[in-house]
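No value in this document is a laboratory result; all are computed from the given coordinates. Everything numeric in this text was worked out from a predicted model, so none of it was measured. Cβ coordinates were reconstructed from backbone atoms using ideal geometry, including for glycine residues, and neighbour counts include every protein chain displayed.
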Amino acid sequence: MERRQLLKQSAFAIAAFSFSRALFANTSNTSLGINPAALNSSNLLSGMIRLGSNENPHGPSTLAKKAMMDAVSISNRYQWDMNGELKTEIAKMTGHTKDHVALGAGSSELLGIVSLWAAFKKGNVVASEPTFKLWMPAARRMGLPTKLVPLTETKHNDLNGLMNAMDEQTRMVYLCNPNNPTGTVSPTSVLEDFIKKVASTTIVLLDEAYTDYYDTPSMSKMIDAYPNLIIAKTFSKTFGMAGARVGYVLAHPNTIKQLNEFQAWANAGPSAVSMQGALAAIKDKEFVSYCKQENIKAKEILYKGFDALGIKHIKSFTSFVYFDTATYKKDIPALLLANQITGARSFEQNSSWLRISIGTVAEMEKVVAVLKLGV
């Protein structure tokens, strides 16, 4: 390897390491939807219901758990072979080739890698407000300031507004669809037109963490035609593996090669244990179907409770619900916390709208019961 190329890759690795540290350095428990009072051991032992991080309350599946436990015994070996195997299985699942796939320790790491890639191009990024922001503070520190565009009145991503906010310095547009925290989805044809217009000149980072819950159409079919389009996916949601940290992006093979240069060790973010869990999870279609159906049941319980209490809410295509507390007289987060339920929180300044994650049927029944007692 030439000395110049070695130095270049070393610089990339150092920057990526710095970025990953910065990504979580200033992230407080509160910003993650975890009330500090809920973190002490006595609360955890007393059965706190945690509804703040959009975790799957049913996972991981039995097959995934067994695979991960079995993999502990081979954790003394590097997971070189598993990288290719997992990429191949993801490619089969999504209708691509393994050259279209890059792996990371959760999709959040990969959002950071894509942001780092965009930051090296010097400019700005355009995104919605509110949306998933965990990667934004580190991106700004890496020289990629963010221009935020308010949602529409119906809490949808304003695609026209995002395009209007772009300028000659815009290097990336970030879009979460379905959006977090609102749970809204952009119409497929409208989103396709947006990608065609923007991705011809600018990186489009499309976060599809929640598409599986309602089979929201993925835009990954467009990645070969638009090398600037990058789709972020995760095993954290319907597969129930948030703590295992397995994510991936789908993109044109040439784009994947460029992103790999920004990883200290390409595709090696997930551990051997996590990769084995992901490989098993892909095969457990019955479990995923069960989680999706239970999510719908639990969500309907919350909807009915909100309707009975006159609480406005948005139909969600995800594992969480955005609702307006303006007509409810008590402090809902405080009321829920007093009853061992944490997670309801705000994402907009001076707003009465909150997000709450969907737990099990029994957990959502308790949420509704607490809210009714508070009236």
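Going by how many other beta carbons lie within 10 Å of each one, how would you line up I311, I332, fewest first?
The fewest-first ordering by Cβ neighbours comes to I311, I332.
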Fill in the blank from the handout: In degrees, nearest 10, the alpha-carbon axis of helix 188-198 is tilted away from the dominant principal axis of the alpha carbons of the chain by 40 degrees
Handout entry: For D284, D81, order by how many other beta-carbon atoms lie within 10 Å, fewest first
Key = D81, D284
Exercise for the section: Starting from the Cα of E129, step 7 Å along the direction of its Cβ; do the same at K312; then give the gap between the two resulting points in nm. Expected result: 2.1 nm
Problem - Acute angle (nearest 10 degrees) that the helix 285-309 long axis makes with the longest principal axis of the chain, alpha-carbon atoms - result: 40 degrees
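Holding the Cα-Cα limit at 28 Å, pick out from K196/K285; K292/K366; K66/K304; K304/K329 the pairs that are longer than that. Mind dumping the intermediate values first?
Details: K196/K285 33 Å; K292/K366 20 Å; K66/K304 37 Å; K304/K329 19 Å.
Too far apart for the 28 Å limit: K196/K285; K66/K304.
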Practice task
Over the alpha-carbon set of the range 197-308, work out the extent along each principal axis and list the three values in angstrom, largest first.
Solution key: 50, 39, 21
Exercise for the section: Treating only the Cβ atoms of Lys and Arg (+1) and Asp and Glu (-1) as charged, compute the dipole magnitude of the chain about its Cα centre; round to the nearest 20 debye. Expected result: 560 debye
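Could you list M364, M68 so that the one with the fewest beta carbons within 10 Å of its beta carbon is first and the one with the most is last?
By the 10 Å Cβ count, ascending, the order reads M68, M364.
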Fill in the blank from the handout: Note on the range 277-323: the mean projected area of its alpha-carbon convex hull, in nm², is 3.7 nm²
Practice task
Find how many whole Å separate the alpha carbon centroid of the range 221-246 from the alpha carbon centroid of the range 336-375.
Solution key: 28 Å
Problem - Range in the chain, longest, excluding exposed GluC sites (Glu not before Pro) [loop by DSSP; at most 10 other beta-carbon atoms within 10 Å] - result: 169-375
Handout entry: Label corresponding to Rg and Dmax of the Cα atoms in Å when calculated from the structure given, among (i) 20.2, 61; (ii) 20.7, 71; (iii) 23.7, 75
Key = (ii)
Completion exercise
The computed P(r) of the range 107-153 puts the percent of Cα pairs beyond 18 Å at 25 percent
Fill in the blank from the handout: Computed over the chain: longest principal axis from alpha-carbon atoms vs helix 3-25 long axis, angle to nearest 10 degrees, is 10 degrees
